[in-house]
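For reference, the structure discussed in these notes is given below.
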Amino acid sequence: MKIILSRKGFDSSSGGCPSPIFPDGRMVSLPIPDKQSPIRYRDIQWQEYNLGSLLSDFTGDRVPPSHFAHLDPDINRKSLSRQPGWRPIFGQTGAAQGHLKKNHIQVGDIFLFFGLFRNVIETPGRREWDKCSPSRHVLWGWLQIDEIQKVDSCSLSRYGWAKYHPHFHRSSDRNNTIYIAQGFYLYPE
């Protein structure tokens, strides 16, 4: 079994800020912007929060709630309305997928997801970065591979539940690959 570290979520170059750690210790990885995705930030739910409203607070509307989000990996069942048969899913393409293929990533291997996070302060009607808290990298989830599929050759009768995923909305690319989970963990779920 191989373990693959995979950096995901907002940072200074993708999104412009870290992902938040709330005063009670809960944290959410903010998916990076993606104009090709069919998913908007305002469509994504995380516990009692809508990601669109969180982004307004943390980016000062640089990334508006109507912007499209690359929800990948998608391992939180409650983040969107789901089709029957939904399973946690993760996509890779380009050089990143080439690296995974070269290293013979296979069923049973595990992706560990980490990203840049920072504490936030919540006051009535307002959320802001804790100026005393440095940004730091945090492990926030994992996915153990059950299936590996090339997107261009996926059977939509079998994988129609995944058609919403950003990797199904890219130009044809023989390297575009999805990894479907046999096990996963999201902190906190």
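Values in this text are rule-based calculations from the coordinates and carry no lab data. Since we're looking at a predicted model, the values are computed, not measured. For neighbour counting, all protein chains shown are included, and Cβ atoms are generated from backbone atoms with ideal geometry for every residue, glycine included.
Might you check whether a residue that is closer than 27 Å to Pro38 by Cα, in contact with a Leu (Cβ under 6 Å, 6 or more places away or on another chain) and of a type in the set (Gly, Ala, Ser) occurs anywhere in the stretch 167-181?
Keep residues of the stretch 167-181 that are closer than 27 Å to Pro38 by Cα, which gives 167-181.
Remaining after also requiring in contact with a Leu (Cβ under 6 Å, 6 or more places away or on another chain): 181.
Now narrow it down to the ones that are of a type in the set (Gly, Ala, Ser): 181.
Scanning the stretch 167-181, I find at least one residue that is closer than 27 Å to Pro38 by Cα, in contact with a Leu (Cβ under 6 Å, 6 or more places away or on another chain) and of a type in the set (Gly, Ala, Ser), so the answer is yes.
From the list Arg42, Arg26, which residue is over 13 Å from the mean Cα position of the chain (by Cα), within 21 Å of Asp61 (Cα to Cα) and basic (Lys, Arg)? Outline the logic, then answer.
Numbers: Arg26 fails: within 21 Å of Asp61 (Cα to Cα).
The match here is Arg42.
Of everything in the stretch 136-175, what is over 23 Å from Gly94 (Cβ atoms), more than 19 Å from the chain's Cα centre (by Cα) and in contact (Cβ under 8 Å) with a residue 60 or more places away in the chain? Give them in sequence order.
Gly160
For the stretch 28-39, which positions are surrounded by fewer than 15 Cβ atoms within 10 Å (Cβ to Cβ) and of a type in the set (S, T, N, Q)?
Hit for the stretch 28-39 is Gln36, nothing else.
If I go through the stretch 76-128 residue by residue, how many of them are surrounded by 19 or more Cβ atoms within 10 Å (Cβ to Cβ), within 21 Å of Cys154 (Cβ to Cβ) and either free of Cβ contacts under 8 Å to residues at least 12 places away in the same chain or small (Gly, Ala, Ser) (or both)?
Adding up the residues that qualify gives 1.
Of these, His99, His137, which one is out of contact with any Ser or Thr (no Cβ under 7 Å at 6 or more places or on another chain), closer than 17 Å to Ile4 by Cβ, of a type outside the set (A, V, I, L, M) and part of a helix (DSSP H, G or I)?
Working: His137 fails: part of a helix (DSSP H, G or I).
None of the other options fit; the residue is His99.
The rows are residues; the columns are (1) crowded, with 19+ Cβ neighbours inside 10 Å; (2) in contact with a strand residue (DSSP E or B) (Cβ under 7 Å, 6 or more places away or on another chain).
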residue	(1), (2)
Arg7	no, yes
Gly16	no, no
Arg26	no, no
Tyr41	yes, yes
Ile44	yes, yes
Gln47	no, no
Ser56	no, no
Asp61	no, no
Pro64	no, no
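Answer yes if at least one residue in the stretch 60-70 is in contact (Cβ under 8 Å) with a residue 60 or more places away in the chain and either part of a helix (DSSP H, G or I) or in contact with a His (Cβ under 8 Å, 6 or more places away or on another chain) (or both), and no otherwise.
No, that holds for no residue.
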